Amino acid sequence: MTEQVNKQDDFEKDREKNKYLIPNIARALRIMEHLARKVREAGIAELATELNYPNNSVFRIIRSLEFYGYVEEHNRKYRLTPRLLYLGYAGMRNNGITDNAIDIMQELRDDVNETVMIGKLLGNQVVIIEQLLSYQYIKFSTEIGAYVNIHASAPGKAILAFLPDNEKNKVLDQIVFTRYTNVTIPSKREMLEELSRVASKGFAIDNGEQIPEIHCVGAPIFDYRHYPVAAIWVSGPAFRFCPEVQERVGQKMKEYALRISYRFGFDPGLL
């Protein structure tokens, strides 16, 4: 009897937070997450032990998931199938990048009170697909559909730093390192050094590298493949973006970008 009570502890803790939870649905989701993040495949007894669930409950759930094609069995071990991707694809088709980001962009704009933009990589440039203007009297604005150059912009560097190496090198080979200001990155070698710093920090900075006196801080948005599908960034006048402010805003950018990424199936635990 004690063992049975202990095996229900995890669910009861969740139940305290939400009284409407259905036990077997909650457990089925936990089992799928466990197979995705922790072990890739496991037997029924292993799952019961690891998740602190009754054996017979795990057995029924696994057999139900197998019947509907969400798990498959191999040598008495169970693993997830690609069927879940169909649900994810459907969700992403119904909600584009802007739809998934606009409410979070509004929160970010209200938080830092600078113009917030979101854009996607197109060739060796980033196209702006949405912007929310700052409430400040002096603010930066541009047109939807405008382009910014990868080597001279925060979003360009944020996306490029996290591309697969073969794609990154292909884009770098296409860039003409035009000097727009005296701080524009002038070469592929220096660009690679900058991208290494961006990858380490998780966000990118533009210190007036394309437009003098306009500074930007941006972070990448990832999908379920850990692929940088877009970037979100803030832009404003240099006098409001000292190094200390840039670092503080950069940390915020990572948090807001991560929230958007979650909506596209990104899971940092699935590396």
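The values are calculated or read from the model by the stated rules, or taken from the named source; none is laboratory data. Worth saying up front: this structure is predicted, and the values here are computed from it rather than measured. With ideal geometry, Cβ positions are generated from the backbone for all residues, glycine too; neighbour counts draw on all protein chains shown.
Tell me whether region 225-244 contains one or more residues that are among the acidic types (Asp, Glu) and surrounded by 14 or more Cβ atoms within 10 Å (Cβ to Cβ).
no
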Review point. Can you name the residue in region 93-117 that is within 30 Å of GLN174 (Cα to Cα) and out of contact with any Ser or Thr (no Cβ under 7 Å at 6 or more places or on another chain) and is also modelled with the lowest pLDDT among such residues?
Key: GLY96
Review point. Across region 42-53, what is the number of residues that are under 16 Å from ARG63 (Cβ atoms) and either among the basic types (Lys, Arg) or not in a helix (DSSP H, G or I) (or both)?
Key: 3
**Study point:** Pairs, first under 10 Å from GLY202 (Cβ atoms) in region 244-257, second surrounded by 15 or more Cβ atoms within 10 Å (Cβ to Cβ) and among the aromatic types (Phe, Trp, Tyr), C-beta under 6 Å, six or more apart
**Key:** GLY250/PHE203; MET253/PHE203; LYS254/PHE203
Exercise for review: Considering each residue of region 241-251, count those that are in contact with a strand residue (DSSP E or B) (Cβ under 8 Å, 6 or more places away or on another chain) and at pLDDT below 95, and give that number.
Suggested key: 2
Check your understanding: Right, GLU73: of a type in the set (Asp, Glu) and at pLDDT 65 or above or not?
Key -> yes
Check your understanding: What number of residues within region 1-36 are surrounded by 13 or more Cβ atoms within 10 Å (Cβ to Cβ) and either modelled with pLDDT of 70 or more or not in a helix (DSSP H, G or I) (or both)?
Key -> 14
